[in-house]
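The values are calculated or read from the model by the stated rules, or taken from the named source; none is laboratory data. Model, not experiment: these values are computed from the prediction. Reconstructed Cβ throughout: ideal geometry from the backbone, glycine too, with neighbour counts over all protein chains shown. Quick note on the areas: whole protein, heavy atoms, side chains included, nothing else; ligands and nucleic acids left out. Shrake-Rupley method; radii C 1.70, N 1.55, O 1.52, S 1.80 Å.
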Amino acid sequence: MIYEPKVSLIEFPFKSDRSTIVEEVKLSDTGLDIIVESNDWKVNVNFDATWGFRVLDELDLCEFWTECDLTQGWFFEVLEGGWKALENTRGHFVSDKMYKHREFLIIGLNECVSVLGQELPKVTELPSSNKALKQDK
């Protein structure tokens, strides 16, 4: 049975707005890196260990928008009713039974990233590529 999503906002000093986007998702030997950017900031979100991730258009995650949107934040922990709950309906999804994943959701204006992991990621500020910000300096 799939329940309506329940999420908890995880706050960072980087405040979201309608310009917040997921710019890049990259998997490498240092983990999963997700570049998130707004008009005011740019960060790298690094999960050093993950069991899975998926990138979907925000329209495919409409069930979340009563619980989370860019006016509230951009990084959430999904407590119930998310991708992990959907995967747990499959009998052969054994890794959650072994490791008890946490599910995180990074939302952007268009793309959103669900991540199955155990620990909060490391968030590092990056130089902004926003041309308007560079002109002001």
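Keeping to the stretch 84-105, report how many residues are touching a helix residue (DSSP H, G or I) at 6+ places or on another chain (Cβ under 9 Å) and closer than 19 Å to Ile10 by Cα.
Matching residues across the stretch 84-105 total 5.
Sort out which residues of the stretch 10-42 are of a type in the set (A, V, I, L, M) and loosely packed, with under 13 Cβ neighbours inside 10 Å, and write them in order of number.
Leu27
Does Lys26 qualify as being in contact (Cβ under 8 Å) with a residue 12 or more places away in the chain, of a type in the set (Lys, Arg) and under 20 Å from Lys122 (Cα atoms)?
Answer is no for this residue.
Pairs, please: C-beta under 6 Å, at least 6 apart or cross-chain, first residue within 13 Å of Ser114 (Cα to Cα) and in the stretch 73-98, second open to solvent by 60 Å² or more (accessible area, probe 1.4 Å) and polar (S, T, N, Q)?
none
With the checklist (1) over 20 Å from Ile35 (Cα atoms); (2) surrounded by 13 or more Cβ atoms within 10 Å (Cβ to Cβ); (3) not β-branched (Val, Ile, Thr) in hand, flag the one item Trp74 doesn't pass.
Of everything listed in (1) over 20 Å from Ile35 (Cα atoms); (2) surrounded by 13 or more Cβ atoms within 10 Å (Cβ to Cβ); (3) not β-branched (Val, Ile, Thr), Trp74 misses just condition (1).
Does the stretch 59-70 contain any residue that is open to solvent by less than 20 Å² (accessible area, probe 1.4 Å), within 19 Å of Leu120 (Cα to Cα) and not in a strand (DSSP E or B)?
Yes - at least one qualifying residue is present in the stretch 59-70.
Any idea which of Val55, Val45 is open to solvent by 30 Å² or more (accessible area, probe 1.4 Å) and among the β-branched types (Val, Ile, Thr)?
Val55
Residues of the stretch 82-98 being out of contact with any strand residue (DSSP E or B) (no Cβ under 6 Å at 6 or more places or on another chain), in a loop (DSSP other than H, G, I, E, B) and open to solvent by less than 70 Å² (accessible area, probe 1.4 Å), which ones? Please lay out each step first, then the result.
At the first step, the residues of the stretch 82-98 found to be out of contact with any strand residue (DSSP E or B) (no Cβ under 6 Å at 6 or more places or on another chain) are 85-94, 96-98.
Pick out the ones that are also in a loop (DSSP other than H, G, I, E, B) and you get 88-94.
Hits for the stretch 82-98 are Asn88, Gly91, Phe93.
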